[in-house]
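First the structure, in the form of structure tokens, and then the observations on it.
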Amino acid sequence: MGLTRVAIVRPLFMAMVILAILVMGAISYSRLAVELWPSIDFPVVTVVTPYPGASPETVEDLVSKPIEDALSGLSNLDYMMSISAEGVSYVWVVFTDRADPDAAAIDVERTVSQIRSTLPSDVQPPSVVKADLQALPVINL
């Protein structure tokens, strides 16, 4: 009832309040930053290690486990997941949100290069890939 009474008794005041709200809304709308693809950095690093001709069990025992054991001591580590398939090992290392994705990728690469000599000689060099949404294609045909 109070708002209705003020609107009837003081119409100019209500018009100024509505005008102020519209002006603030227009200014806020013009300054609103909207991006189609905002810059997002996920602290996820993948280690892909090819081991041609090896069974999944051999890949797990000789490649995935040593890599996981070496990477388990990294700081800001959230969790780790690996898949050992025929001839290839995938190890995903997920860091906490506080971790710098670039520094995390460098730490993973250093750790993997340190244990490279303990892996079997048939193993091809591991590749360390940082998750980057900007590198994904816009459309797949």
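The values are calculated or read from the model by the stated rules, or taken from the named source; none is laboratory data. These numbers come from a predicted model, not from an experiment. Glycine gets a Cβ as well: all are built from the backbone with ideal geometry, and neighbour counts include every protein chain shown. The area values use the complete protein model at the heavy-atom level, side chains included, leaving out ligands, DNA and RNA. Shrake-Rupley method; radii C 1.70, N 1.55, O 1.52, S 1.80 Å.
Using alpha-carbon pairs under 8 Å, 6+ residues apart, how would you state the relative contact order of the chain in percent?
Relative contact order here is 30 percent.
At 0.36 nm per residue, and after removing the present C-alpha to C-alpha distance, how many nm does the segment from residue 117 to residue 90 gain when stretched out fully?
Fully extending the segment from residue 117 to residue 90 adds 7.9 nm.
If DNA, RNA and ligands are ignored and the probe is 1.4 Å, what is the ranking of 22, 71 by accessible area, most exposed first?
From most exposed to least exposed: 22, 71.
With +1 assigned to the C-beta of every Lys and Arg and -1 to the C-beta of every Asp and Glu, and no other charges, what is the dipole magnitude of the chain about the Cα centre in debye, to the nearest 20?
Value, rounded to 20: 1240 debye.
Quick one: which residues, 5+ away or cross-chain, put their amide H under 5 Å from the amide H of residue 78? H built at 1.01 Å from N.
Hits under the 5 Å cutoff: 94, 95, 96.
Just tell me, in residue order, which DSSP H segments of the chain are both 15 angstrom or longer along the helix axis (alpha-carbon based) and at least 1.0 in mean Kyte-Doolittle hydropathy.
The answer, listed by residue number, is 11-31.
For residue 88, which sequence-distant residues (separation of 5 or more, or a different chain) have an amide H within less than 5 Å of its own amide H, given hydrogens modelled in the peptide plane?
51
Can you give the helix-only mean residue ellipticity at 222 nm for the chain, where every DSSP H stretch with n ≥ 4 adds -39500 (n - 2.57) and the sum goes over all residues, rounded to the nearest 500 deg cm²/dmol?
Roughly -12000 deg cm²/dmol at 222 nm, from the helical runs in the chain.
Taking the Cα centre of region 57-128 as origin, sum charge times position over the Cβ atoms of Lys and Arg (+1) and Asp and Glu (-1), and report the length of that vector in debye to the nearest 20.
180 debye
Using the per-residue mean of other Cβ atoms lying within 10 Å as a proxy for protection, in what order, highest first, do the peptides 49-55, 120-126, 63-69 fall?
The packing order, highest mean first, is 63-69, 49-55, 120-126.
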